[in-house]
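Scroll down for the structure; my scribbles are underneath it.
Laboratory data are not the source of any read-out in this text; all were calculated from the coordinates shown. All of these numbers come straight from a predicted model, not from anything done at the bench. Counting neighbours? That spans all protein chains shown, and the Cβs are built from the backbone with ideal geometry, glycine included.
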Amino acid sequence: MRKRMRTITVAGVPYRWYRYHDHEPGEDRRICREIIVVFDPANKRAPLRLRFREGPQWAIDSGYLSTRQNGVYRSFSLNHPRVIAALITTARGSGWEARRLSAPLVVDDPFGWLLELEDPGAAGEIERTPDC
């Protein structure tokens, strides 16, 4: 399967990125993962790899991640450039500078980054439901 490369500019820096779905073995079934890879064309040796793994609090389906926590349902589309831009901005704030690094930055389960997005439009649908 060929991955579709996309271009996005964040803080004046052009990046290339793609998203793909894969699986890892689990105890009784395969575990779904969504992988985002972002790199600066000026230094392809230090990409950002974000690996979102489904789990008890997160569902994953074709680039969409959803969760219900504390009575709040949130969904995120990893297909939307504004979500990717927000993740790149968060990674940059956490020290990822592709032009200065010589190795990839791999972040496993960066769901906390999604939950901290300040732009509600980047978060997708938010629905408050009563706690049961």
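A few comments on the model shown:
- Comparing V106, V83, V13 in a Gaussian network model of the chain where C-alpha atoms under 10 Å apart are linked, the largest mean-square fluctuation is found at V13.
- Note on the stretch 4-26 and the stretch 50-85: Cα centroid distance 15 Å, given to the nearest whole angstrom.
- Other residues with beta-carbon under 9 Å from the beta-carbon of R53 carry, at +1 per Lys or Arg and -1 per Asp or Glu, a net charge of -3.
- The chain - charge dipole about Cα centre, Lys and Arg +1 at Cβ, Asp and Glu -1, debye rounded to 20: 820
- Note that the stretch 85-90 has calculated 3J(HN,Hα) couplings of 4, 5, 5, 5, 4, 5 Hz, one per residue in order, obtained from phi through the Karplus relation 6.51 cos²θ - 1.76 cosθ + 1.60 (θ = phi - 60°); glycine and proline are x.
- Summing Lys and Arg as +1 and Asp and Glu as -1 over all other residues whose Cβ lies under 15 Å from the Cβ of C32 gives a net charge of -3.
- Phi-based couplings in Hz for the stretch 38-51 (Karplus 6.51, -1.76, 1.60; Gly and Pro marked x): 10, 9, 8, x, 6, 8, 7, 7, 10, x, 9, 10, 10, 10
- By other beta-carbon atoms within 10 Å, ranking R51, R45 with the fewest at the front produces R45, R51.
- Net charge contributed by nearby residues that have their C-beta within less than 15 Å of A42 (K/R +1, D/E -1): +4
- Only one item in [x] 2, 8, 6, 6, 5, 6, 5, 5, 5, 4, 4, 4, 4, 3, 4, 3, 3, 3, 3, 3, 3, 5, 4, 2, 0, 0; [y] 2, 13, 23, 24, 18, 11, 6, 3, 1, 0; [z] 2, 10, 20, 22, 19, 13, 8, 3, 1, 0, 0 matches P(r) over Cα pairs in 5 Å bins from 0, in percent derived from the coordinates shown, and that item is [z].
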